[in-house]
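Single-structure report; data block below.
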Amino acid sequence: MHELLKTQRISIAVLFFGLILLIGLMVNKAPKTPFTMTATEMLANMPNFEHITVNTAKNVNSDTNNYVFIDLRSPYDFEVKHIANAVNIPTAFLLDDENIELFTAYLNNNTTVILYGQAERESISPWILLTEIGFPNTKVLLGGFECYNGNKPKCMAGSAQYNYAKISTSGGVKKTNNATPAPVKKKKVIPVKKKVKAAAEGGC
Amino acid sequence: MQKRYIFLALLFLVMASGLLFLPDMEKKTQIEPSALLNDIHSNNRRLSTDEIAKRIIDGDPILFLVDVRTEAEFNNYSLPGAVNIPLQDLLNEDWTGYVDQDILDIIFYGNDDILSEQAWVLCKQLGYQNLYVLDGGLNQWFATIMLPEKPGELASNEEFDLFSFRTGASIFFGSGTTEIAVKAKPKKEKKTIPVRKKVKAEAEGGC
């Protein structure tokens, strides 16, 4: 009887052990698209990337065999206006299975993928992410859609638009603009009223 | 019965010894691509210039500003209290202690969002915590804090409040706006106070 109990205990323990292993295997799924590049490698590689300027983009826009534009904005923004021949993949859906298949197809076809958002900053992180999971053919449209579309006069992303040091020490551009002499305030002259005393009149 | 007992015990032993030969688990520092994509999609990382200005003025002790531009640009101008870590040096071991921690709020900034976004996404991928980006970078900082624009006549009270905050902040950060500068150095003209001469009444004929 005593021996029987021991066996039962051990079988229960084995069962639990197996269960834990099974759960562990099920939960610990490897990501479908793991990073193939570490952050450090990516950082070291960054200066080697030649991104696409607006002018280049306009030139290669019709070359649909070698270049494809990916619009990262929402479908509504895409609907309003987008670069001709662009494909709309909102940032949130970049890693969906079908999109990964699409990117793989582009990679195999040696097609350069040009990412763009409304501003350039919206495509920076997606570019790094896609490059790190194994799509080195991804590039960024410099200046983003707002520059391509000509909405923004200055397309100098990354550069300083003000003379920082000068402004912070000398008191502001606006002040120098307004350096024209301020209208001179006329002095208010308070007329002194001379009390005109009545001439001495004859007394009493 | 005895056989079954031995078999189970052996099975248990085999499974247990299997644990010994598990591959070394990589120290899980990197987050997964899908998790990173969620963070990229979220806008929580972008802190407005007004918020940062307020925190600098308040002397927030957990604020840690990281200037990711080059050293020359940093020397030319930087936010008060900022530390210069050029983007290319960001992942050097020298800086790991500064960037990989869970006490301070790290705010990356560059001239605009481009460099800071790169710094943010690389650190985020490595699983670092409390990472933020100065929304619009220094260009936005100068457009709003250093050179605030006066709201129009019909603007709401909030806009006027914001403007007065920004005007105050611009003085704090060392750039006066037009009005402030003019007020600071008024051309002193001697006020001529017209002296009233008392015209004495001539002696009048008394009685």
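The values are calculated or read from the model by the stated rules, or taken from the named source; none is laboratory data. A quick note: this is a predicted structure, and the numbers were derived from the prediction, not measured. Glycine also receives a Cβ, built like all others from the backbone with ideal geometry; neighbour counts cover every protein chain displayed.
Things to note:
- Among the candidates B:T49, B:T70, B:T96, residue that is in contact with a Ser or Thr (Cβ under 8 Å, 6 or more places away or on another chain) and surrounded by 12 or more Cβ atoms within 10 Å (Cβ to Cβ): B:T49
- When restricted to residues that are within 30 Å of B:L11 (Cα to Cα) and acidic (D, E), the range A:9-52 contains 0.
- Taken together, the residues in the range A:96-112 that are over 16 Å from A:F78 (Cβ atoms), surrounded by fewer than 22 Cβ atoms within 10 Å (Cβ to Cβ) and touching a helix residue (DSSP H, G or I) at 6+ places or on another chain (Cβ under 9 Å) amount to 2.
- Where B:E32 falls short, out of the listed (1) in contact with a Phe, Trp or Tyr (Cβ under 7 Å, 6 or more places away or on another chain); (2) farther than 20 Å from B:W141 by Cβ; (3) charged (D, E, K, R): (1)
- One residue alone among A:A39, A:A86, A:A57 is within 11 Å of another protein chain (Cβ to nearest Cβ) and either under 25 Å from B:C123 (Cβ atoms) or touching a strand residue (DSSP E or B) at 6+ places or on another chain (Cβ under 6 Å) (or both), and that residue is A:A39.
Conditions (1) within 14 Å of chain B (Cβ to nearest Cβ); (2) within 26 Å of B:L115 (Cβ to Cβ); (3) touching a residue at least 40 places away in the same chain (Cβ under 8 Å); (4) loosely packed, with under 13 Cβ neighbours inside 10 Å, marked per residue:
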{"site": "A:L15", "(1), (2), (3), (4)": "yes, no, no, yes"}
{"site": "A:E50", "(1), (2), (3), (4)": "no, yes, yes, yes"}
{"site": "A:N61", "(1), (2), (3), (4)": "no, no, no, no"}
{"site": "A:V68", "(1), (2), (3), (4)": "no, no, yes, no"}
{"site": "A:L72", "(1), (2), (3), (4)": "yes, yes, yes, no"}
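- Residue within the range B:51-60 that is part of a loop (DSSP other than H, G, I, E, B) and either modelled with pLDDT under 85 or at positive phi (or both) present: yes
Results for (1) within 30 Å of A:D96 (Cα to Cα); (2) facing chain A (nearest Cβ under 9 Å); (3) out of contact with any helix residue (DSSP H, G or I) (no Cβ under 8 Å at 6 or more places or on another chain); (4) touching a residue at least 12 places away in the same chain (Cβ under 8 Å), shown as yes or no for each residue.
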{"residue": "B:V14", "(1), (2), (3), (4)": "no, no, yes, no"}
{"residue": "B:L20", "(1), (2), (3), (4)": "no, no, yes, no"}
{"residue": "B:R45", "(1), (2), (3), (4)": "yes, no, no, yes"}
{"residue": "B:V83", "(1), (2), (3), (4)": "no, no, no, yes"}
{"residue": "B:G110", "(1), (2), (3), (4)": "no, yes, no, yes"}
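- Residue within the range A:136-156 that is more than 23 Å from A:K58 (Cα to Cα), touching a helix residue (DSSP H, G or I) at 6+ places or on another chain (Cβ under 7 Å) and either more than 9 Å from chain B (Cβ to nearest Cβ) or modelled with pLDDT of 65 or more (or both) present: no
- Any hit, the range A:58-72, residues being at pLDDT 85 or above, touching a Pro at 6+ places or on another chain (Cβ under 8 Å) and under 17 Å from A:Q118 (Cα atoms): yes
- Helices (runs of 4 or more DSSP H) (entirely within the range B:68-171) containing at least 3 residues that are under 18 Å from the mean Cα position of the chain (by Cα) and within 21 Å of B:R46 (Cα to Cα): B:113-125, B:137-141
- Failed item in (1) within 14 Å of chain A (Cβ to nearest Cβ); (2) free of Cβ contacts under 8 Å to residues at least 12 places away in the same chain, with B:G97 passing the rest: (1)
- Any hit, the range A:39-46, residues being assigned to a helix (DSSP H, G or I), modelled with pLDDT of 80 or more and surrounded by fewer than 11 Cβ atoms within 10 Å (Cβ to Cβ): no
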